[in-house]
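Enquirer: Just passing along the structure, written as structure tokens.
The values are calculated or read from the model by the stated rules, or taken from the named source; none is laboratory data. Predicted model only: the values in this text are computed from it and were never measured. Every residue, glycine among them, receives a Cβ derived from its backbone with ideal geometry; neighbour counts consider all protein chains shown.
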Amino acid sequence: MSLYKAENFEKVIKRIQGKIDALHIKTGECLSGEATAAFEDRHNVRLPPAYRVFLKKVGNGCGHMFEKYTTVTGCREIPEAKQDRKAAKRIGQYRISQKALYYADGTYIPLADISEVKVETMTVTTKGCCGVVLNAPALTFMAGGAKRRIMTDSEKQTGKIYEAVTGHPLERKAIS
């Protein structure tokens, strides 16, 4: 199910293009309807209509953004972050090394800049007809003078990240 109605696609695409232009992001080339259909046939899938419009009007991703490897605002840079991230252990959507916690977009928090780690439950409300409320495990870090929050897929994943960041195992009762 699409988050946007088909009649709003153009408006949403213009908003996305405005943000891309403002941030000077270079996207991959736009794909023709034929190229998208060929991909769908080759992989026996049907992409959502909104994504098909995105590929046609905005472009085919921005893979180069993952090469930036920059620290989150307020934190110190670490040398050779790109190599460190490649060697880092994957835990869910994150990577963790002895030096940093890496987000999927290539930004990172140096572990030396983390002054506090708190385990929480994050409440997320889904959109759509049902508006389901989900509780998900999360970690909040104080780093670079600001709070940074990450949502995890499970209590087990939360425990692994907590231990990698703090060097101590997470006690079961700590997840609330």
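Enquirer: Is it true that some residue in segment 26-44 is at pLDDT 80 or above, polar (S, T, N, Q), assigned to a loop (DSSP other than H, G, I, E, B) and loosely packed, with under 15 Cβ neighbours inside 10 Å?
Expert: yes
The rows are residues; the columns are (1) at pLDDT 90 or above; (2) within 19 Å of the chain's Cα centre (by Cα).
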| site | (1), (2) |
| --- | --- |
| Tyr69 | no, yes |
| Ile78 | no, no |
| Arg90 | yes, yes |
| Gln93 | no, yes |
| Gly131 | no, no |
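Enquirer: Assess whether Ile161 counts as being in a strand (DSSP E or B), modelled with pLDDT of 85 or more and among the hydrophobic types (A, V, I, L, M, F, W, C).
Expert: Criteria not met by Ile161.
Enquirer: Which count do you get for residues in segment 78-110 that are more than 21 Å from Ser154 (Cβ to Cβ), surrounded by fewer than 20 Cβ atoms within 10 Å (Cβ to Cβ) and among the aliphatic types (A, V, I, L, M)?
Expert: Looking only at that region, the number is 2.
Enquirer: Here are the criteria: (1) at pLDDT 85 or above; (2) of a type outside the set (Ser, Thr, Tyr); (3) farther than 14 Å from Gly92 by Cβ. Tell me which single one Ala174 does not satisfy.
Expert: (1)
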